[in-house]
Amino acid sequence: MAYLAANIISLVYRFCDEKHLPYDRDVDLSELTYMKTGGRAQALLKPLFSAQVAELLSFLSENGIPYKPIGNTSNLLFLDEVDYPVLICSAGMTQITVDADVGRIVAQGGAMMPDLARAALLSSLTGFEGLEGIPGTIGGGIFMNAGAYGAELKDKLIGAELALPNGSVQYFTIADLQLSHRSSVLRREASGGFVCSATFQAPRGNAQKIFAKMEVYHAKRHKYQDFMYPNLGSIFSGSPYRALGRRDRIFKLISAGYYFLNYEFKLFRRESPINRKWLNDIVLRRFPLHYSLQPFSDKTLNCLVNRGQGTAEMVRFIRQMEDLVSGQIPLENEIVEEF
């Protein structure tokens, strides 16, 4: 769908004005989004509380106005050539409350996962250490069951409050959300729901031990993740090197040697940043990958970076990789198509 007609989008602006709902008009997504890509959005809406979200979704649904909920966009690839109608952003809903006595944390959908991890640390609650460096919101984290270093958001989650297109606000239990590896019922069914808040239950721990874990994970993230170019972290939920190794015996032996030297025996780069450029070069010699400007990080083939090549080239690379891994590992990044 192209941009909404002037009379339709004016209805959205008028609704927001009447409901005192903050919004921005005609937003350049290449300035807003985490990956620094995308065309424009006619309206970027920033609701402040659950009832306001529910009323907004009901209004949009009743008028047939397409929309997409977004958080920090750290897992979303917006396309350069696409102009989007309405985006509903959780940036206005970031409160976190902690009841340390009972180990209960309630976080609004727009709160960042690192802020959740640090709030838990300050109250000596454990189980959130792996979330420390994930640059996403609680809502986005539930949508894809985010995680790192063996921890997932679902591990301490009890349930979440969602606003739905029918104008209701409903509580979804952990069972209702059907969280699995990098997926949930929200992602699989594209229900149009908006995560307003989430409730977590965590045991008490030793603050110094919690802090030590977070420090280790923070250092690891800086070692393995690309920080030179805008990126969305891992493209796939799994290692493309292993998947490619299953297709090519020679490459499997080469990548296994790399793994043992760098990860098991750690003969090289004990504390220095990981650079897999030589391994990536072998991938390019043994597999049919083509591009005009390198779309992936030197640190790993599994990280899409923005070097200015444009999203058409980025998507082309993702599709080539999907063909090469033959569906063995699921796509983690979301390509935001026209809606």
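The values are calculated or read from the model by the stated rules, or taken from the named source; none is laboratory data. This is a predicted model, so every value here is computed, not measured. As a convention, Cβ positions derive from the backbone with ideal geometry for all residues, glycine included, and neighbour counts pool all protein chains shown.
The table for this structure:
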{"item": "The range 57-84, residues that are in contact (Cβ under 8 Å) with a residue 24 or more places away in the chain, out of contact with any Gly (no Cβ under 8 Å at 6 or more places or on another chain) and charged (D, E, K, R)", "result": "K68"}
{"item": "Number of the condition not met by G110 [criteria: (1) more than 25 Å from Y34 (Cα to Cα); (2) not in a helix (DSSP H, G or I)]", "result": "(1)"}
{"item": "Subset of the range 27-39 (residues that are out of contact with any Leu (no Cβ under 9 Å at 6 or more places or on another chain) and over 11 Å from L77 (Cα atoms))", "result": "D28, E31"}
{"item": "F200 vs. criteria surrounded by fewer than 16 Cβ atoms within 10 Å (Cβ to Cβ), aromatic (F, W, Y) and farther than 28 Å from F339 by Cβ", "result": "no"}
{"item": "Evaluation of R104 against (1) surrounded by fewer than 22 Cβ atoms within 10 Å (Cβ to Cβ); (2) at pLDDT below 95 (one fails), failing number", "result": "(2)"}
{"item": "Some residue of the range 198-205 being at pLDDT 90 or above, small (G, A, S), in contact with a Ser or Thr (Cβ under 9 Å, 6 or more places away or on another chain) and closer than 16 Å to A146 by Cα", "result": "no"}
{"item": "Residue that is surrounded by the most Cβ atoms within 10 Å (Cβ to Cβ) [pool: residues in the range 234-256 that are among the small types (G, A, S) and over 22 Å from the mean Cα position of the chain (by Cα)]", "result": "S255"}
{"item": "Qualifying residue in the range 145-158 (condition: surrounded by fewer than 18 Cβ atoms within 10 Å (Cβ to Cβ) and farther than 22 Å from N75 by Cβ)", "result": "yes"}
